[in-house]
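Let me begin by presenting the structure, written as structure tokens, before commenting on it.
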Amino acid sequence: GVFAKELAKSGGVLPKFGSTLVKTSGLGVFLAMCGTAYMAHFNAPSFWNDSGKDPKTYNAIVRNGFALSVLFNVAIMAAGFATFGAASQGLVLNNYATSDALAGVARLLFGVSTVFTFPLAYAAVKVGVKSVAPKLGDRAVVGLPLALITAIALVIDDVGVVVSLTGALMGSAVIYALPALMLLKGDKVAKASWEKKLAPFGMLGLGIVSAVVGTAATFA
């Protein structure tokens, strides 16, 4: 491409083709990243309240939201791989040359998106922390985690590691383990026969396996 020579001079990673989109060795990382990409379960109570507690409206929000999320993620993933192949980095924008003006605009928009979507992602955490420590001030609830996240971001330069590790640990917990534990603690399942407990125990086991495999693959 136009910027291939500049990438080569600056020590950047050139596109590499001739391989599949998801290698067997990287399947664990890919699944862990999917856990992060589609992890919005912690905002389910907010979506329920915003829907007016109407099941049909809530189902439409969930269905359309996840459908759009899948389409965007698949489109961006396919476009990144079609451009850089196996050389695609955890944050595909890092593959582009620094002199690429459009890539520069994309990086700026990505930064803006990250900053302004933080309150949405953190809303559920804030409610949970306040319920556990009601005497903790709002500034501490928001400021301390934000400072920790910023410090980690300054040290780690591979966002792919952060995304895959978050999906492996938090995604497995929120998507599989915690719902299974809540279901097992419920009166209906707790007092039911063992056959009724197979599904939640299966989900719990799947969450543990997903967390272990995803974490191991991230640091492999």
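May I ask you to list the residues in the range 30-56 that are among the aromatic types (Phe, Trp, Tyr) and outside any helix (DSSP H, G or I)?
Correct list: TYR38 only.
In the list ASN73, ASN59, which residue meets the criterion of being closer than 30 Å to ILE208 by Cβ, open to solvent by less than 70 Å² (accessible area, probe 1.4 Å) and either modelled with pLDDT under 75 or not in a loop (DSSP other than H, G, I, E, B) (or both)?
Exactly one of ASN73, ASN59 is closer than 30 Å to ILE208 by Cβ, open to solvent by less than 70 Å² (accessible area, probe 1.4 Å) and either modelled with pLDDT under 75 or not in a loop (DSSP other than H, G, I, E, B) (or both), namely ASN73.
Condition first: among the hydrophobic types (A, V, I, L, M, F, W, C), assigned to a helix (DSSP H, G or I) and either touching a strand residue (DSSP E or B) at 6+ places or on another chain (Cβ under 6 Å) or without any contact (Cβ under 8 Å) to a residue 12 or more places away in the chain (or both). Now tell me which residues in the range 147-161 satisfy that.
Listed by number, the residues that qualify are ALA147, LEU148, ILE149, ALA151, ILE152, ALA153, LEU154, VAL155.
Within the range 185-218, count every residue that is modelled with pLDDT of 80 or more, surrounded by fewer than 16 Cβ atoms within 10 Å (Cβ to Cβ) and among the hydrophobic types (A, V, I, L, M, F, W, C).
Number satisfying all stated conditions: 8.
Quick check: is even one residue across the range 108-117 out of contact with any His (no Cβ under 7 Å at 6 or more places or on another chain), under 30 Å from PHE17 (Cα atoms) and open to solvent by less than 50 Å² (accessible area, probe 1.4 Å)?
Checking the range 108-117: at least one residue is out of contact with any His (no Cβ under 7 Å at 6 or more places or on another chain), under 30 Å from PHE17 (Cα atoms) and open to solvent by less than 50 Å² (accessible area, probe 1.4 Å).
Determine if the range 131-142 includes at least one residue that is small (Gly, Ala, Ser) and in contact (Cβ under 8 Å) with a residue 60 or more places away in the chain.
Within the range 131-142, not a single residue is small (Gly, Ala, Ser) and in contact (Cβ under 8 Å) with a residue 60 or more places away in the chain.
Any residue at all in the range 133-141 that's open to solvent by 50 Å² or more (accessible area, probe 1.4 Å), closer than 26 Å to ASP50 by Cα and outside any helix (DSSP H, G or I)?
yes
Tell me yes or no: at least one residue of the range 82-89 is without any contact (Cβ under 8 Å) to a residue 60 or more places away in the chain, in a helix (DSSP H, G or I), surrounded by 11 or more Cβ atoms within 10 Å (Cβ to Cβ) and out of contact with any Asp or Glu (no Cβ under 7 Å at 6 or more places or on another chain).
The answer is yes, given that some residue of the range 82-89 is without any contact (Cβ under 8 Å) to a residue 60 or more places away in the chain, in a helix (DSSP H, G or I), surrounded by 11 or more Cβ atoms within 10 Å (Cβ to Cβ) and out of contact with any Asp or Glu (no Cβ under 7 Å at 6 or more places or on another chain).
Within the range 45-56, which residues are loosely packed, with under 13 Cβ neighbours inside 10 Å and not acidic (Asp, Glu)?
PRO45, ASN49, GLY52, LYS53, PRO55, LYS56 - these are the residues of the range 45-56 that are loosely packed, with under 13 Cβ neighbours inside 10 Å and not acidic (Asp, Glu).
Just one of (1) modelled with pLDDT of 85 or more; (2) open to solvent by less than 70 Å² (accessible area, probe 1.4 Å) trips up VAL105, so point out which.
Tallying (1) modelled with pLDDT of 85 or more; (2) open to solvent by less than 70 Å² (accessible area, probe 1.4 Å), VAL105 fails exactly one: (2).
Identify, from the list VAL213, VAL189, the residue that is over 21 Å from ALA32 (Cβ atoms) and either part of a helix (DSSP H, G or I) or in contact (Cβ under 8 Å) with a residue 24 or more places away in the chain (or both).
From the options VAL213, VAL189, the qualifying one is VAL189.
Would the range 163-183 turn up any residue that is open to solvent by 90 Å² or more (accessible area, probe 1.4 Å), in a helix (DSSP H, G or I), at pLDDT 80 or above and farther than 29 Å from VAL115 by Cβ?
yes
Using beta carbons and a limit of 6 Å, which pairs, at least six apart or on different chains, have the first residue in the range 1-15 and within 18 Å of ALA82 (Cα to Cα) and at pLDDT 70 or above and the second one of a type in the set (Asp, Glu) and open to solvent by less than 60 Å² (accessible area, probe 1.4 Å)?
Close Cβ pairs satisfying both conditions: PHE3/ASP100.
The values are calculated or read from the model by the stated rules, or taken from the named source; none is laboratory data. All values derive from a computational prediction rather than experimental measurement. Please note: Cβ atoms are built from the backbone with ideal geometry, for glycine as well, and neighbour counts cover all protein chains shown. Side chains are part of the model used for accessible areas, which takes the heavy atoms of the whole protein and leaves out ligands, DNA and RNA. Shrake-Rupley method; radii C 1.70, N 1.55, O 1.52, S 1.80 Å.
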